[in-house]
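Asker: One structure is given below, represented as structure tokens, and several questions about it will come after.
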């Protein structure tokens, strides 16, 4: 393992119907597992938290890759994290779709930058081979 740059801490209790809190208290959230078709407005879930982290990390990686390629872009990443049934064991697994809105470059350049970011992003590296990740690139 390489040199540690950062270690973040969070605690959870009560599982999907519990509570999460970061060590600095910025994240301090109630958890609730939504039922099919239910919209929960006063709580979050592990998939939303993972989506937020992945979107932020991927956008950072994309902008770093673009800057190294001397490309000026504006970007926004929407991460969709789905909880899906796992037919192999009857349990569950997650799947991710990353919708990358990239402005300032051609369609071909945007696709290249997004795929390079996917190779570089720590979240993408952590999920590679374990989570199905779909990349959608949208340019304007």
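Any read-out appearing in this document is the output of simple, stated calculations on the displayed coordinates, not a laboratory observation. All values derive from a computational prediction rather than experimental measurement. For neighbour counting, all protein chains shown are included, and Cβ atoms are generated from backbone atoms with ideal geometry for every residue, glycine included.
Asker: Would you calculate the separation in nanometres between label points at residue 109 and residue 43, each defined as 7 Å from the Cα along the Cα-to-beta-carbon direction?
Answerer: Taking the simple label geometry, residue 109 and residue 43 are separated by 4.7 nm.
Asker: Please give the FRET efficiency for residue 87 paired with residue 11, using the beta carbon to beta carbon distance and R0 = 30 Å, rounded to the nearest 0.05. Kindly include the intermediate steps, with their values, before the conclusion.
Answerer: Numbers: r = 33 Å, r/R0 = 1.09.
Result of the calculation: an efficiency of 0.40.
Asker: Relative to the present Cα-Cα distance, how much length would full extension add between residue 36 and residue 23 at 0.36 nm per residue of separation? Write down the numbers at each step before the final one.
Answerer: On the way: separation 13, 0.36 × 13 = 4.68 nm, distance 3.20 nm.
Going from the current span to full extension adds 1.5 nm.
Asker: Sticking with this one: When Rg is the radius of gyration of the Cα atoms in the chain and Rh is its Kirkwood radius, what does Rg/Rh come to? Can you show the working numbers first?
Answerer: Details: Rg = 17.0 Å, Rh = 16.8 Å.
That ratio equals 1.01.
Asker: If you don't mind, another one. What is the angle, in °, between the Cα long axis of helix 107-120 and the longest principal axis of the Cα atoms in the chain? Nearest 10 is fine, range 0 to 90.
Answerer: Once rounded, one gets 50 degrees.
Asker: A follow-up question, please. Which percent, nearest 5, of DSSP beta bridges in the chain are antiparallel?
Answerer: Looking only at bridges with both residues in the chain, the antiparallel portion is about 70 percent.
Asker: Next up: When the Cα centres of segment 1-15 and segment 40-62 are compared, how far apart do they sit, in Å?
Answerer: 16
Asker: Another question about this same structure. Take residue 3 and residue 119, extend 7 Å from each Cα along the Cα→Cβ direction, and tell me the distance between the two endpoints in nm.
Answerer: Here the answer is 2.5 nm between the modelled labels.
Asker: Something else about it: Treating the angle as unsigned and between 0 and 90°, give the value, to the nearest 10°, between the Cα long axis of helix 46-68 and the longest Cα principal axis of the chain.
Answerer: Relative to the chain, helix 46-68 is tipped by roughly 20 degrees.
Asker: Rounded to the nearest 500, what is the 222 nm mean residue ellipticity of the chain from helices alone, with -39500 (n - 2.57) per DSSP H run of 4+ residues and division by all residues?
Answerer: Mean residue ellipticity, 222 nm, calculated: -10000 deg cm²/dmol.
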